[in-house]
Amino acid sequence: MAQLPQAQIDTIRETVSRAVAEVKITDIHTHIYPPVFGELLLWGVDELLTYHYLVAETMRYVDIPYDRFWAISKRSQADLIWKTLFLEHSPISESCRGVLTTLDRLGLDVSTRNLEEYRRFFAAQKVEDYVDRAFELAGIESVVMTNDPFDDLERRTWLANKPIDSRFHAALRIDGLLNSWDATVPRLREWGYSVSPDIGAETVAEVRRFLRDWIELMEALYMAVSLPPTFAFPESSPRAKLISECVLPVAVETGRPFAMMIGVKKLTNPGLRLAGDSVGKSSIEVVEYLCSNYADARFLVTMLARENQHELCVTARKFRNLHVFGCWWFLNNPSIIDEMTRMRLELLGLSVTPQHSDARVLDQVIYKWAHSRAIIAEALAGKYIDLAASGWQASEDEIRRDVAALFGGNFWTFVR
Ligand code: FIX
Ligand code: ZN
């Protein structure tokens with residue numbers, strides 16, 4: 001294998017990083033909303049600072065009782081987090097760095113460390129214009145939301161049939177249905193679905209009706225659920241029965257994939273609320289079983305444990321109805337994004353969606369994509385350089401084609 005001249009290596013690296021820097025992204029999993037959803041859309045510096053990732057990191061330094069922390073205003077929480085993580089310690093963690101990348105990309109002077117100055121900037125923004133600005137800075141074409149019909153505020157907005165910004169696609173989130181069935185039965189009844197806890201034939205039909213109704217109302221691209229490391233299938237449980245009798249039949253009937261986000265231990269430390277969730281290694285056999293026994297259904301899968309990543313890639317090599325996506329949550333860190341992306345490119349080629357932002361605050365799309373683009377570009381460039389060393393020269397158009405597939409094209413092909 002010939003050693004490539006450095007100039008050629010540099011050219012390939014530049015071509016790939018330009019293609020990755022310029023591609024318009026479809027962000028396939030987020031928790032952001034268009035302004036029409038009101039307070040569900042979080043944005044601005046105080047929301048950035050009180051992101052649950054930063055709450056978890058702050059609580060490692062401060063011994064304030066959790067309840068007292070949650071009782072103070074968001075502004076005071078942000079003050080404490082800024083003081084603790086940015087002023088009393090260097091903000092080197094990925095989540096801290098993310099806040100600074102965002103402020104910098106917005107043109108704010110990070111060197112002043114002047115939180116009040118940053119607050120004045122955000123106070124002057126009009127949310128509709130700010131959505132445009134954030135999408136532009138992040139290079140986003142559209143996002144897929146996380147839409148929970150069991151959230152009252154969200155539910156009311158959908159039932160009000162307000163026009164939804166077409167850059168925000170919906171995903172029907174059914175954690176409430178699958179992970180807390182008993183608590184969900186009375187709500188479904190309230191909404192006119194005659195269901196009962198024991199999931200008989202009528203309940204199966206009614207749950208299917210519920211899913212169809214909300215897929216249609218939201219024009220949902222997929223159904224999604226987060227699942228614990230202990231998730232088992234098949235299993236004699238309401239969750240397994242609802243998946244096999246309701247979710248998968250409706251998925252096949254409507255052509256909507258079923259997205260499984262597997263490996264979260266909810267509220268390992270309840271005092272930390274959203275920041276209290278943790279991770280556990282999950283069984284890949286469940287994914288294998290579902291993909292092989294429900295060949296007509298399509299599965300979007302991301303797993304939370306680093307230990308599951310290799311076997312997930314190998315499983316995707318066995319099942320074309322499985323699409324692997326994202327470096328989810330505790331994996332959304334540069335060293336792990338790099339590791340996972342290289343492994344996925346080597347095992348799955350370009351048939352993967354390497355990243356999603358999981359943005360909970362609108363502004364986060366700016367830093368999460370700035371950081372991930374750079375890491376993915378570096379891993380990808382290495383592949384084209386290896387190819388060139390064997391004499392296979394990918395053209396700029398071919399590279400742009402491949403990059404477009406990774407940052408949204410594959411997803412649209414899979415969901416359509
Ligand atoms: O289940 C999910 O969609 C998770 O992404 C969230 O629940 C989690 O809190 C989060 O924000 C991860 O980044
Ligand atoms: Zn999420």
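The values are calculated or read from the model by the stated rules, or taken from the named source; none is laboratory data. These numbers were taken from a predicted model, which means no experiment stands behind them. Neighbour counts run over all protein chains shown; Cβ positions are idealised from the backbone, glycine included. Accessible surface is based on the protein model in full, side chains and every heavy atom, while ligands, DNA and RNA are left aside. Shrake-Rupley method; radii C 1.70, N 1.55, O 1.52, S 1.80 Å.
What residue, of 192, 176, is within 19 Å of residue 207 (Cα to Cα) and either open to solvent by 40 Å² or more (accessible area, probe 1.4 Å) or among the basic types (Lys, Arg) (or both)? Outline the logic, then answer.
Numbers: 176 fails: either open to solvent by 40 Å² or more (accessible area, probe 1.4 Å) or among the basic types (Lys, Arg) (or both).
Exactly one residue qualifies, and that residue is 192.
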(request) Could you list, in sequence order, all residues of the range 239-251 that are open to solvent by 10 Å² or more (accessible area, probe 1.4 Å) and in contact with a Lys or Arg (Cβ under 9 Å, 6 or more places away or on another chain)? (result) 245, 249
(request) State all residues of the range 316-339 that are over 19 Å from residue 26 (Cβ atoms) and within 15 Å of ligand 1 (Cβ to nearest atom); if no residue qualifies, say none. (result) 329, 330, 331, 333, 336
(request) Scan the range 230-249 and give yes if some residue there is touching a Ser or Thr at 6+ places or on another chain (Cβ under 6 Å) and touching a residue at least 40 places away in the same chain (Cβ under 8 Å), otherwise no. (result) no
(request) Having 3 or more residues that are within 28 Å of residue 169 (Cβ to Cβ) is the bar; report the helices (runs of 4 or more DSSP H) wholly within the range 179-251 that clear it. (result) 181-190, 201-218
(request) Select from the range 384-405 the residues that are in a helix (DSSP H, G or I), in contact with a helix residue (DSSP H, G or I) (Cβ under 7 Å, 6 or more places away or on another chain) and not hydroxyl-bearing (Ser, Thr, Tyr) and write down the one among them that is nearest to residue 255 (Cα to Cα). (result) 403
(message) Quick check on the range 132-153: of everything there that is farther than 18 Å from residue 359 by Cα and in a helix (DSSP H, G or I), which residue is least open to solvent (accessible area, probe 1.4 Å)?
(response) 153
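Taking the options 239, 212, name whichever one is within 16 Å of ligand 1 (Cβ to nearest atom) and within 21 Å of residue 202 (Cβ to Cβ). Outline the logic, then answer.
On the way: 212 fails: within 16 Å of ligand 1 (Cβ to nearest atom).
Exactly one residue qualifies, and that residue is 239.
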(message) What pairs come out if I take residues in the range 62-82 that are part of a loop (DSSP other than H, G, I, E, B) and pair them with residues that are among the hydroxyl-bearing types (Ser, Thr, Tyr) and surrounded by 13 or more Cβ atoms within 10 Å (Cβ to Cβ) whose C-beta lies under 6 Å away, six or more apart or interchain?
(response) 62/84
(request) Identify all residues within the range 11-54 that are touching a Lys or Arg at 6+ places or on another chain (Cβ under 7 Å), among the acidic types (Asp, Glu) and surrounded by fewer than 17 Cβ atoms within 10 Å (Cβ to Cβ); write none if there are none. (result) none
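Here are 129, 151: which of them is away from ligand 1 (no atom under 16 Å from the Cβ) and among the acidic types (Asp, Glu)? Explain how you work it out, then say what you get.
Details: 151 fails: away from ligand 1 (no atom under 16 Å from the Cβ).
Exactly one of 129, 151 is away from ligand 1 (no atom under 16 Å from the Cβ) and among the acidic types (Asp, Glu), namely 129.
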(message) Being buried (at least 20 other Cβ atoms within 10 Å of the Cβ) and assigned to a loop (DSSP other than H, G, I, E, B) is true for just one of 356, 323. Which residue is that?
(response) 356
(request) Select from the range 374-416 the residues that are under 22 Å from the mean Cα position of the chain (by Cα) and of a type in the set (D, E, K, R) and write down the one among them that is nearest to residue 6 (Cα to Cα). (result) 378
(request) Among residues belonging to the range 255-274 that are within 14 Å of ligand 2 (Cβ to nearest atom) and among the hydrophobic types (A, V, I, L, M, F, W, C), point out the one that is most open to solvent (accessible area, probe 1.4 Å). (result) 274
(message) If residue 156 meets every condition in (1) open to solvent by less than 70 Å² (accessible area, probe 1.4 Å); (2) basic (Lys, Arg); (3) farther than 25 Å from residue 356 by Cα apart from one, which number is that one?
(response) (1)
